[in-house]
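As C-alpha cells, the structure follows; a few thoughts come after it.
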Amino acid sequence: MPFKSDLGWSDVTPKALFLNRRQLIAGAAAALASPALAETLEPNSLEDITSYNNFYEFGWDKGDPARHAGALTTDPWSIEIGGMVDKPGTYDLADILKGQPIEERIYRFRCVEAWSMVVPWTGFALSGLLNRIGVQPSARYVAFETLLRPEEMPGQRDGSFPWPYVEGLRLDEAMHPLTLLATGLYGEPMPNQNGAPIRLVVPWKYGFKSIKSIVKITLTDRQPPTTWNILQPSEYGFHANVNPEVDHPRWSQASERRIGAGLFGGRVDTLMFNGYADQVASLYAGQDLAVDY
Amino acid sequence: MRDRINATARRVPTAFLYIGGAILALWLLFAAVQDSLGPDPVKALEQGLGIWALRFLLASLCITPLMRAGIRLLKFRRALGLLGFAYAALHFATWIALDMGLRWGQIAGDLTKRPYIIVGALGLLLLLPLAATSWNGAIRRLGAAAWNRLHRLAYPAILAGAVHFVMIGKVWTGESLVYLGIAMVLLVLRVPQSRRIPARAT
C-alpha cells in the first residue's frame, strides 16, 4: 500500500513562521547558556551586514569590501578538496551543494575586535560535505584557503600580508552540527563582500575563523597554519573561541558593542563560546582555554 | 606667494579657526546622532575626533618651522593647540561614555593594562597644563621663559598621540605611520642644529 501522508499543503509552515521558529530556537539556546539572556535574536539589517565587513582582500576599511567586492567573479567557482579524504578532486560549486539541505541559521557573530552582529545565514552543515567526500581515519584537522586573485581583490596587491588567507579547524569542530558552510544570507545568495559564493561560519569562535570565499579544503593530521596566528601569534590563537575571560592583549573581551545599536547602544556582556556553550563546551573538556586561546 | 599668505593671515581673525573647529565637531556629533556615519557611529565619532585632534596638534607644531621659512602664522598657534586639546578630550569622553558605555571596571582595567590606552591617556594628561595656561595672563604670571619651558610638554604629548594611533591598528596601517612620520619630522626640527648633525672628523 503506497504511503499516504495526512499532512496537506496547508500544514507546511509559512516561511515567516519558520523564520520566527528559528529565532526562538536560537533564543532558547542563548537562554540556556545564560539565564539573564532570555532574548530572541533579532538579526541586524541587511545594510549593516553588507556594509560593515572585515574582508582585507578588498581593503582595510570596514566599508572597502562593499565598495570593491563587486568586481569579484563568483561563477564559475570550484573547491579543491584533498588530503586525507576518500574522494579528492576539484568540485564545481553546484556539485558541492548537491544533496545538502540548505537551512536558515540565525547566529550571533562576534568579531575579535569586540563588536558583534546577528546574521541570518543560509547554508548547510560542513559535516554533510565532509561525510560525502569521506574523511580518512588519520585526519585530525581541516585546513581552508580563500581565493587568491589580486586582479579582482585589490587588497591582495598589498605585499605585507601573507596571501592567500588560510584558516583551520580541528576535525571535531568541523564536524559539529553548528559549523556551517554558508551560501547566502537573508535568503539571498551570499553578497560578495560577505564571502561569496561560499564561506565558513563557526558561531562560537571569533569572526576571523569564519573564512570567506573558500577555494580549497584539505584534511590533514597536523594543525594547519592560520593567517592571524602567523601575523601575531601572541594575539590570535588557533582556537580563537569567544571567551569573555581571556582578554586580547590590547583590549578586554569581557563585553562587546552591538553593531546597529546606535550611538547610545553601549555594551553587552560577551557570552562564553558566544552563547553556544551548551552545544560546544564539551569539545574543550580538559583544555586550559587561557593557554589554548 | 609667501607675502600673499602672510597678508591673508593678517586679515583672517583667529576666531575663524575656533568657529571652524566648533562647526566641525558639531557636524560630527550631529551626523553621529542622525545615524549617518554608517553602521558603527560610535567608532566613527571616536576615530573622527581622535584624528582631528592629531591634525590640529600637528598643525600647531608646523607654526615655528614655517616661521623660519618666513610664513608668519603665529597668531593661530594657540587656537590650533586648544582645538587639538578639545578634540582629544571629546575623543576620550566618547571612549568612556559611548564606546565603553560607562563600564567603570573595564575602563579602569584598560587605563592600567592596555599600553595604547595608557599612551593616549598620558598624551591627553600632558596637554592639560598647557590648555590651563593658554591665556595671556598665565604667560605674564609664569614669565615667558617658564611658560615656554612648560609648553615644551606639547612635544611628548603629540608624540604620544601619534604613537597611540599606530598602536591601535590590528596591523600597522600606512595612514597611522604617515602621521607618526610627520610628528617625528616636526619634532626633529626642534632639535638644535648643532646637536642634530653629529660632528664628523674631517
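Kindly provide the trypsin sites (Lys or Arg not before Pro) of the stretch A:129-224 that DSSP labels as loop, not H, G, I, E or B, and whose Cβ sees at most 13 other Cβ atoms within 10 Å. Kindly include the intermediate steps, with their values, before the conclusion.
Working: sites: A:ARG132, A:ARG140, A:ARG157, A:ARG170, A:ARG199, A:LYS205, A:LYS209, A:LYS212, A:LYS216, A:ARG222; in loops: A:ARG140, A:LYS212, A:ARG222.
Of the trypsin sites (Lys or Arg not before Pro), the ones in loops of the stretch A:129-224 whose Cβ has at most 13 other Cβ atoms within 10 Å are A:ARG222.
What residue among B:VAL33, B:VAL191, B:VAL119 shows peak mean-square fluctuation when chain B is described by a Gaussian network model with Cα springs under 10 Å?
B:VAL191
Tell me which residues come under 5 Å, amide H to amide H, from A:ILE217 once H is placed; ignore anything under 5 positions away on its chain.
Amide H to amide H, under 5 Å and 5 or more residues apart or across chains, A:ILE217 pairs with A:GLU80, A:ILE81, A:GLY82.
Within straight cross-link reach of B:LYS113, meaning Cα distance under 26 Å, which lysines are found once same-chain residues fewer than 8 apart are removed?
Result set, ordered by chain and number: A:LYS205, B:LYS43, B:LYS170.
Give the long-range amide H neighbours of A:LEU41: residues separated by 5 or more places, or on another chain, with amide H under 5 Å away, using H modelled in the peptide plane at 1.01 Å from N.
Amide H neighbours of A:LEU41, under 5 Å, 5+ apart: A:GLY27.
Jot down the per residue volume, in cubic angstrom and as a whole number, of the convex hull over the alpha-carbon atoms of the stretch B:86-156.
On the way: hull volume 6.8 nm³, N = 71.
Residue-normalised Cα hull volume stands at 96 Å³.
If you rank A:TRP121, B:TRP95, B:TRP27 by fewest surrounding Cβ atoms within 10 Å, what's the result?
B:TRP27, B:TRP95, A:TRP121
Using a 10 Å cut-off around each Cβ, can you sort A:TYR52, B:TYR155 from fewest to most neighbouring Cβ atoms? Present the calculation step by step, with values, prior to reporting the outcome.
Values: A:TYR52 22, B:TYR155 15.
If I rank by nearby Cβ atoms, fewest first, I get B:TYR155, A:TYR52.
Note down the magnitude of the dipole of the stretch B:5-157 about its Cα centre, charges +1 on Lys and Arg C-beta and -1 on Asp and Glu C-beta and zero elsewhere, to the nearest 20 debye.
For the stretch B:5-157, the charge dipole is close to 980 debye.
Given all pairs of different Cα atoms, what value in angstroms does the Kirkwood hydrodynamic radius of chain B take?
Numbers: mean 1/r = 0.0538 Å⁻¹.
Mean inverse Cα-Cα distance, inverted, gives 18.6 Å.
Let me know the volume per residue of the alpha-carbon convex hull for the protein assembly as shown, in Å³.
Working: hull volume 114.1 nm³, N = 495.
With only Cα atoms used, the protein assembly as shown gives 231 Å³ per residue.
Go through the stretch B:148-153 residue by residue and turn each phi into a ³J(HN,Hα) via Karplus (6.51, -1.76, 1.60, θ = phi - 60°); whole Hz please, and just put x for glycine and proline.
4, 4, 4, 6, 5, 4
Per-residue ellipticity at 222 nm for chain A, helices alone: DSSP H runs ≥ 4 residues times -39500 (n - 2.57), over residue total, nearest 500 deg cm²/dmol?
After summing the helix terms and dividing by the residues of chain A, the value is -5000 deg cm²/dmol.
Filter the DSSP H helices in chain B by two things, a Kyte-Doolittle mean of at least 1.6 and an axial alpha-carbon span of 20 angstrom or more, and list the hits by number. Write down the numbers at each step before the final one.
Values: long enough: B:15-33 (27 Å, 2.31); B:41-68 (41 Å, 0.93); B:77-94 (25 Å, 0.82); B:115-132 (26 Å, 2.22); B:154-168 (21 Å, 1.77); B:174-188 (21 Å, 1.97).
Once both thresholds are applied, what remains is B:15-33, B:115-132, B:154-168, B:174-188.
What is the spin-label model distance, in nm, from B:ARG4 to A:ARG170 if the labels are put 7 Å beyond Cα along the C-beta direction?
Once both label points are built, they end up 7.0 nm from each other.
How large is the direction-averaged shadow of the alpha-carbon convex hull of the stretch A:44-284, in nm²?
Numbers: hull surface 50.1 nm².
If I average the Cα hull's projected area over directions, I get 12.5 nm².
How many partner chain Cβ atoms sit within 10 Å of a residue's Cβ in peptide B:165-172, on average, as a whole number? Spell out each step's value before the answer.
Values: counts 0, 0, 1, 2, 2, 13, 8, 1.
Average per residue, whole number: 3.
Ignore the peptide's own chain and count Cβ atoms of other chains within 10 Å of each Cβ in A:48-59; give me the average, rounded.
Values: counts 3, 1, 1, 3, 4, 1, 1, 0, 2, 0, 0, 0.
Across the residues of A:48-59, the mean count of other-chain Cβ atoms within 10 Å is 1.
Springs between alpha-carbon pairs under 10 angstrom, Gaussian network model over chain B: which of B:ALA15, B:ALA183, B:ALA86 fluctuates most?
B:ALA15
Which residue, A:PRO101, A:PRO191, A:PRO65, tops the fluctuation ranking in a GNM of chain A built on C-alpha contacts under 10 Å?
Of A:PRO101, A:PRO191, A:PRO65, the most mobile in the Gaussian network model is A:PRO101.
Tabulate in residue order the Karplus-calculated ³J(HN,Hα) for the stretch A:62-68, using 6.51 cos²θ - 1.76 cosθ + 1.60 with θ = phi - 60°, rounded to whole Hz; enter x for Gly and Pro.
So the J values, rounded to whole Hz, are 4, x, 4, x, 5, 6, 10.
Provide a whole-number value for the mean count of partner chain Cβ atoms within 10 Å of the Cβ atoms in peptide B:102-115. Display every interim value, and only then the final one.
Working: counts 2, 6, 0, 3, 5, 1, 0, 4, 4, 0, 0, 5, 6, 2.
Per residue, the number of nearby Cβ atoms from other chains is 3 on average.
Which whole-number percent is the relative contact order of the stretch A:44-284 (Cα, under 8 Å, 6+ apart)? Display every interim value, and only then the final one.
Values: 506 pairs, mean separation 53.0, N = 241.
Rounded, it is 22 percent for the stretch A:44-284.
Give the long-range amide H neighbours of A:TYR107: residues separated by 5 or more places, or on another chain, with amide H under 5 Å away, using H modelled in the peptide plane at 1.01 Å from N.
For A:TYR107, whose amide H was placed from the backbone, the distant partners under 5 Å are A:VAL119, A:TRP121.
Using Cα pairs closer than 8 Å and at least 6 residues apart in sequence, work out the relative contact order for chain B, in percent.
On the way: 170 pairs, mean separation 37.2, N = 202.
Over chain B, the number comes to 18 percent.
Ordered by residue, what ³J(HN,Hα) values in Hz, to whole numbers, does the stretch A:188-195 give under the Karplus form 6.51 cos²θ - 1.76 cosθ + 1.60, where θ = phi - 60° and Gly and Pro are x?
10, x, 4, x, 3, 5, 9, x
Which of the listed residues, B:LEU49, B:ALA183, B:THR112, is farthest toward the dipole's positive end in chain B, when Lys, Arg count +1 and Asp, Glu count -1 at the beta-carbon?
Going by the charge dipole, the pick is B:ALA183.
Every number in this text was worked out from the coordinates using simple rules, so none of it is lab data. Bear in mind that the values here come from a model prediction, so they are computed numbers and not experimental data. All Cβ positions, even for glycine, are placed from backbone atoms using ideal geometry, and neighbour counts span all protein chains on display.
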